[in-house]
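The values are calculated or read from the model by the stated rules, or taken from the named source; none is laboratory data. No experiment lies behind these values; they were computed from the predicted model shown. A quick note on method: Cβ atoms are made from the backbone with ideal geometry, for glycine too, and the neighbour counts reach across all protein chains shown. In case anyone asks, the SASA skips ligands and DNA or RNA and just uses the protein heavy atoms, side chains included. Shrake-Rupley method; radii C 1.70, N 1.55, O 1.52, S 1.80 Å.
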Amino acid sequence: MTTMKQEPLNFKLTRVTPKWAFKQQARRILVLTLAASPIALGILPIIVPQTFVYFFAPLLLIPILCFVWLIGATYARADSPDEYLDEREIVVRNEVYLDSFRIIGAIIALGFIVFTIFPDTRIDAKTVFYLLFPISMFLPTCVLAWKQPDPLEE
């Protein structure tokens, strides 16, 4: 009895991604929107504390939608195992992870410098990890979406 290999979920996201999201400019806008959404979620309660409850769900939906569309627009290459990729795609994926590692290292080094210069900062380690977790989770897909050129026209 042969078992068919089922298509991973992240490959199926390509089918629900709008056609406009496959262009490099659109992917870059999605990356910037995804990067700005935690800032908006952090600033909005300060600006409008009474009505923040009404804005929270839509603002939470925006980064989720951006990330799903970025996975689809990059054909999930940043998250795919070797068996689903050819040699060129494996090299590109590995370069993306190296670039992501360097970016996260730079963010950590910058944080270290800032906390060394301003030791009385009221930010605790828990908050730092809350910020680093989504960055480390989204970053490889975002770097791939940013660097990948437009798909070729058929």
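With helices as the sole contributors, the chain gives -24500 deg cm²/dmol at 222 nm; each DSSP H run of n ≥ 4 counts as -39500 (n - 2.57), and the sum is divided by every residue. (i) 125; (ii) 174; (iii) 116: which one is volume of the Cα convex hull per residue in Å³ as calculated from this entry? So the structure-derived entry is (ii).
Note on the range 23-51 and the range 83-154: Cα centroid distance 17 Å, given to the nearest whole angstrom.
For a label point 7 Å from the Cα of ILE62 along Cα→C-beta, name the residues of the range 15-29 whose backbone N is under 14 Å from it. In the range 15-29, the label zone of ILE62 (backbone N under 14 Å from the point 7 Å along Cα→Cβ) covers 29.
Note on the chain: GNM, Cα springs under 10 Å; of TYR130, TYR84, TYR97, the largest mean-square fluctuation is that of TYR130.
A Gaussian network model of the chain, with springs between Cα atoms under 10 Å, assigns the largest mean-square fluctuation among ALA109, ALA125, ALA26 to ALA125. Here, P(r) means the percent of Cα pairs in each 10 Å bin from 0 to the largest distance; for the range 44-124 it is 14, 23, 27, 26, 9, 0. Surface exposure of the chain, expressed per residue as accessible area with a 1.4 Å probe, stands at 72 Å².
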